[in-house]
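Below: one structure, written as structure tokens.
What follows draws every value from the coordinates through simple rules; no lab data is involved. Note that the structure is predicted; figures quoted are calculated from it, not measured. Virtual Cβ from ideal backbone geometry, glycine too; neighbours counted across all protein chains shown.
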């Protein structure tokens, strides 16, 4: 394997992040999202959203590289209070210190090479430095690859679920929570 690194994203990474996101969703989520939803995602809008996020936040974005190839990315930042609330809507006592990992993707052809773990570890370091004590992520319930990844990182389902409208098709997500102190082996 070529050198594998993680670094903060820069605005010039936005086109490749958008491409990677759309290609990965179209591949990995083809069974979860209706084809018309995947086809309707605008590449230019996605790219602009990532550029603004990289420049302005509130999430921090990191990219994984293998040699010169951008192979994955993560976006993590302060979790909105409603994202940390329990299923009955009561606020989490530590909501001000919770990070939301809103997106963590590695292009499937680069999977199982440690990029996801390096991305989560780097995001965890940055968020701990910003005052966070734990992280959360919403993962589609029928996505065993992502669920397995977070479980291997020591994250657990906390019993909270939500159902999104995915183009007229319900998509159930489970909330996982865990440490931001990721130990790579």
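Descriptive notes on the structure:
- Here, P(r) means the percent of Cα pairs in each 5 Å bin from 0 to the largest distance; for segment 75-135 it is 4, 19, 24, 18, 15, 11, 7, 3, 0.
- Residues listed by number, segment 60-80, amide nitrogen under 20 Å from residue 43 label point at 7 Å toward C-beta: 69-73
- For the chain, adding -39500 (n - 2.57) for each run of n ≥ 4 DSSP H residues and dividing by the number of residues yields -10000 deg cm²/dmol at 222 nm.
- Among beta bridges that DSSP assigns inside segment 4-179, antiparallel share in %, nearest 5: 90 percent
- Spatially, segment 1-21 and segment 124-146 are offset by 19 Å when compared through their Cα centroids.
- Alpha-carbon spread of the chain, three principal axes, descending order, Å: 44, 40, 31
- Computed packing ranks the peptides 101-107, 35-41, 13-19, 50-56 as 101-107, 13-19, 50-56, 35-41, most packed first, by mean other Cβ atoms within 10 Å.
- Ranking of 33, 164 by count of other Cβ atoms within 10 Å, fewest first: 164, 33
- Segment 128-177: radius of gyration and largest Cα-Cα distance (Dmax), Å: 12.4, 40
- Between residue 81 and residue 157, the C-beta separation translates, for a Förster distance of 30 Å, into a calculated FRET efficiency of about 0.90.
- Separation between Cα centres of segment 71-118 and segment 33-68, rounded to whole Å: 15 Å
- GNM remark for the chain: springs join alpha carbons under 10 Å apart, and the peak mean-square fluctuation among 172, 128, 109 falls on 109.
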